[in-house]
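The values are calculated or read from the model by the stated rules, or taken from the named source; none is laboratory data. Here the structure is a predicted model, which is why all the values come from computation and not from measurement. Glycine also receives a Cβ, built like all others from the backbone with ideal geometry; neighbour counts cover every protein chain displayed.
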Amino acid sequence: MVSTEASPTLSGYGHYVALKRFIIIVQLFMLMVLIVISVSLGSVNIPFFDTLNILLTPKDISRYHSIVLGVRLPQTLTAIVAGSGLAVSGAVMQIILQNPLGSPFTLGLSNAAAFGAAFSVMILGTGVMHSTGADAITIMAPYKTTLSAFSFSLISAGIILALARIKKASPEVMLLTGVTLNSLFVAGTMFLQYFADDVQLAAMVFWTFGDAGRASWSELGIMTVVTLAAICYFLFNKWHYNALNMGDETAQGLGVPVDRVRMMGMVAASLVTAVSISFIGVISFVGLVAPHITRRLVGEDYRFFLPASILTGGLLLLSSDIVARLILAPRVLPVAILTAFLGAPVFIYLLITGYRR
Amino acid sequence: MTLNVESLRFAYKENTVLHDVSFSTGDAGITAVLGPNGSGKTTLLRCINRILKPQGGRVLLDDKPVDKLTGKEIAKSIAYVAQKTYSGNISVFDAILLGRIPHISANVSDNDMAVTNDVIERLDMVSLSLRMLNELSGGELQKVSIARALVQQTSLILLDEPTAALDLKNQIDILKLLGEITEKNQIKVLLSIHDLNTAFRYADQFIFLKNGKVVGFSDRWGITAGMIENVYNVSVDLRWFDDIPVITPAN
């Protein structure tokens, strides 16, 4: 795109941009490798070449075929989609709220969505619960459940947005509000749990920590469609986010419809969060940590920051999921337990180092 | 290009900030809006490019009413440089390139790159272009904001106290730069500023605002001590130094 003509500025900038592109390509390559690793590792280890064979040729020629296509591949893809969705939501929320600590989990959207999903399953009867194995809850009406999760996460998003707008709240105040909303919705979930029978209870507890192994192919399909649609919308607005980075007035002066960008961004981020939570449960910190790692890699030009955050999110959750599968093998840990353990120290590190954007 | 403002009115709820403000930039390159804190300077600037929507009156660019334009169209003819500058982990080049947003459809064109490059070279910022904003000084950040406004290629630039955070040298540099821009590119500049003596030296005409009303409008020759005393409620001495009025507080 950039011809290196005679201008040292333009050629210098060309190299600068090329480096960012290169980082994104490396991330993409790492993700490919990680997918193969993820599919081959688990309680049954599948040889590397068998894995590649099954992934590349759809014919049923290997005895591992059903493990790969029935279990490992959907789990792997679910981890990628959920991780990317949470990361991109975090990246967008951080810019539209001008808040470096923004993420679906820290601002209370995740637990609100989890409550909404539990509410739908228990009260509206959209799911059938049975407490065996990873599939503790089978969702019978995925749209209704997602819609309920979405509505409750929108409530959280609305409160945070109103606070940001009316009160010009500082990052710290927003975060404390997120903490409050989190405890409110956890209390709501506990209330539901109190009236649940023991089978339901076991299922609901299971749900408060997200597990990438929980989603089926069809649920993965819905998640993917919603997440991709949101990502397209976010990428379409990349210049608007860049302008917002320079402050509201500057953005308005550049013709950016600031209020609409903010509102729609929050709605889209809530939707992505809700859909992943209603299918696999709450996963904390990926939405916060992935954008911060990415910022250090490619800076915060949203043309590169958004795609790189998406890939970082996928990489982060997938590698966590692989570790969670192996760390106590043959027991398989839900990935959310691991991300919470990893996320807490990173969050404290961000607080100490001053979480500058 | 001429900016005409006709009986502009703006209120935050019951609190009226601008009462029937009217003026025209005429041929003057730099017009300075002067007045005490809270007199409505910032509000006036923001009403002109419709960051705030005035409740009455009209803003005309060469007889074209601004309220008939979309946000993007306004951004193609009026640039706004906010008082507060933001930094972050993005390069100077990228921060200036943002000025092309009103012109970019999906991706940056070669022309966008060329315009940005041209402004960077003209403002002597080549060595800065790949530095990150959060490594820059206040004066450099202000220069980035002005460069961004130039890249927007508008016929009018509004600046809200562009020199407020700057040291003497940077103040002079920025105002000289604005003077050169208005001369070379037929661009009009409207800026708010607190330092009267600096304003008198670098601007071509002056609008005095007091409680949201225009109480004085004059070129450099028409400045009197009485005008200043009326606007700021302090008694001042006015002396002329190289054909430029200089204000000092009277004893």
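Those residues that are within 27 Å of residue B:9 (Cα to Cα), surrounded by 19 or more Cβ atoms within 10 Å (Cβ to Cβ) and in contact with a helix residue (DSSP H, G or I) (Cβ under 8 Å, 6 or more places away or on another chain), I need them from segment B:213-251; list them, please. Of everything in segment B:213-251, those that are within 27 Å of residue B:9 (Cα to Cα), surrounded by 19 or more Cβ atoms within 10 Å (Cβ to Cβ) and in contact with a helix residue (DSSP H, G or I) (Cβ under 8 Å, 6 or more places away or on another chain) turn out to be B:216, B:223, B:228. Looking only at segment B:45-68, filter to residues that are in contact with a helix residue (DSSP H, G or I) (Cβ under 6 Å, 6 or more places away or on another chain) and closer than 18 Å to residue B:162 by Cβ; which one of those is nearest to the other protein chains (Cβ to nearest Cβ)? Taking the candidates together, the pick is B:51.
Here is a list: B:25, B:42. Which entry is within 11 Å of another protein chain (Cβ to nearest Cβ) and modelled with pLDDT under 95? Quick ask: steps written out before the conclusion?
Values: B:25 fails: within 11 Å of another protein chain (Cβ to nearest Cβ).
Matching residue, one of B:25, B:42: B:42.
Highlighted here are the helices (runs of 4 or more DSSP H) found entirely within segment B:106-206 that include at least 3 residues which are surrounded by 19 or more Cβ atoms within 10 Å (Cβ to Cβ), in contact with a helix residue (DSSP H, G or I) (Cβ under 9 Å, 6 or more places away or on another chain) and within 13 Å of another protein chain (Cβ to nearest Cβ): B:110-122, B:138-151. Scanning segment A:207-226 for residues that are modelled with pLDDT under 90 and under 12 Å from the mean Cα position of the chain (by Cα) turns up A:210, A:212. Residues in segment A:250-262 that are under 13 Å from residue B:99 (Cα atoms) and either within 7 Å of chain B (Cβ to nearest Cβ) or touching a residue at least 12 places away in the same chain (Cβ under 8 Å) (or both): A:250, A:252, A:253, A:254, A:255, A:256. Considering the conditions (1) within 14 Å of the chain's Cα centre (by Cα); (2) at pLDDT 90 or above; (3) under 18 Å from residue A:107 (Cα atoms), residue A:317 is excluded by exactly one of them, (3).
Yes/no matrix, rows are residues, columns are (1) within 14 Å of another protein chain (Cβ to nearest Cβ); (2) of a type in the set (A, V, I, L, M, F, W, C); (3) within 22 Å of residue A:170 (Cα to Cα); (4) touching a Leu at 6+ places or on another chain (Cβ under 9 Å):
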{"position": "A:288", "(1), (2), (3), (4)": "no, yes, yes, yes"}
{"position": "A:291", "(1), (2), (3), (4)": "yes, no, yes, no"}
{"position": "A:295", "(1), (2), (3), (4)": "yes, no, yes, no"}
{"position": "A:308", "(1), (2), (3), (4)": "yes, yes, no, yes"}
{"position": "A:312", "(1), (2), (3), (4)": "no, no, no, yes"}
{"position": "A:317", "(1), (2), (3), (4)": "no, yes, no, yes"}
{"position": "A:323", "(1), (2), (3), (4)": "no, yes, no, yes"}
{"position": "A:334", "(1), (2), (3), (4)": "no, no, no, no"}
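Would you be able to say whether some residue in segment B:29-39 is surrounded by 15 or more Cβ atoms within 10 Å (Cβ to Cβ) and within 12 Å of chain A (Cβ to nearest Cβ)? No, because not a single residue in segment B:29-39 is surrounded by 15 or more Cβ atoms within 10 Å (Cβ to Cβ) and within 12 Å of chain A (Cβ to nearest Cβ). Being more than 18 Å from the chain's Cα centre (by Cα), over 26 Å from residue B:42 (Cβ atoms) and charged (D, E, K, R) is the requirement here; does residue A:248 meet it? Considered against the rule, which asks whether it is more than 18 Å from the chain's Cα centre (by Cα), over 26 Å from residue B:42 (Cβ atoms) and charged (D, E, K, R), residue A:248 comes out as no. Looking for something out of contact with any strand residue (DSSP E or B) (no Cβ under 9 Å at 6 or more places or on another chain), away from every other protein chain (no Cβ under 14 Å) and surrounded by fewer than 15 Cβ atoms within 10 Å (Cβ to Cβ) - is there at least one such residue anywhere in segment B:69-84? No, segment B:69-84 contains no residue that is out of contact with any strand residue (DSSP E or B) (no Cβ under 9 Å at 6 or more places or on another chain), away from every other protein chain (no Cβ under 14 Å) and surrounded by fewer than 15 Cβ atoms within 10 Å (Cβ to Cβ). Of all residues in segment A:343-357, those satisfying the criterion of being buried (at least 17 other Cβ atoms within 10 Å of the Cβ) and modelled with pLDDT of 75 or more are A:343, A:347. Among the candidates B:99, B:179, B:88, B:139, the residue that is small (Gly, Ala, Ser) and without any contact (Cβ under 8 Å) to a residue 40 or more places away in the chain is uniquely B:139.
Yes/no matrix, rows are residues, columns are (1) under 15 Å from the mean Cα position of the chain (by Cα); (2) in contact (Cβ under 8 Å) with a residue 60 or more places away in the chain; (3) within 14 Å of chain B (Cβ to nearest Cβ):
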site: A:173; (1), (2), (3): no, no, no
site: A:192; (1), (2), (3): no, yes, no
site: A:228; (1), (2), (3): yes, no, no
site: A:231; (1), (2), (3): yes, yes, no
site: A:240; (1), (2), (3): no, no, yes
site: A:264; (1), (2), (3): no, no, no
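Of all positions in segment A:110-132, none carries a residue that is modelled with pLDDT of 80 or more and either over 12 Å from residue A:149 (Cβ atoms) or part of a strand (DSSP E or B) (or both).
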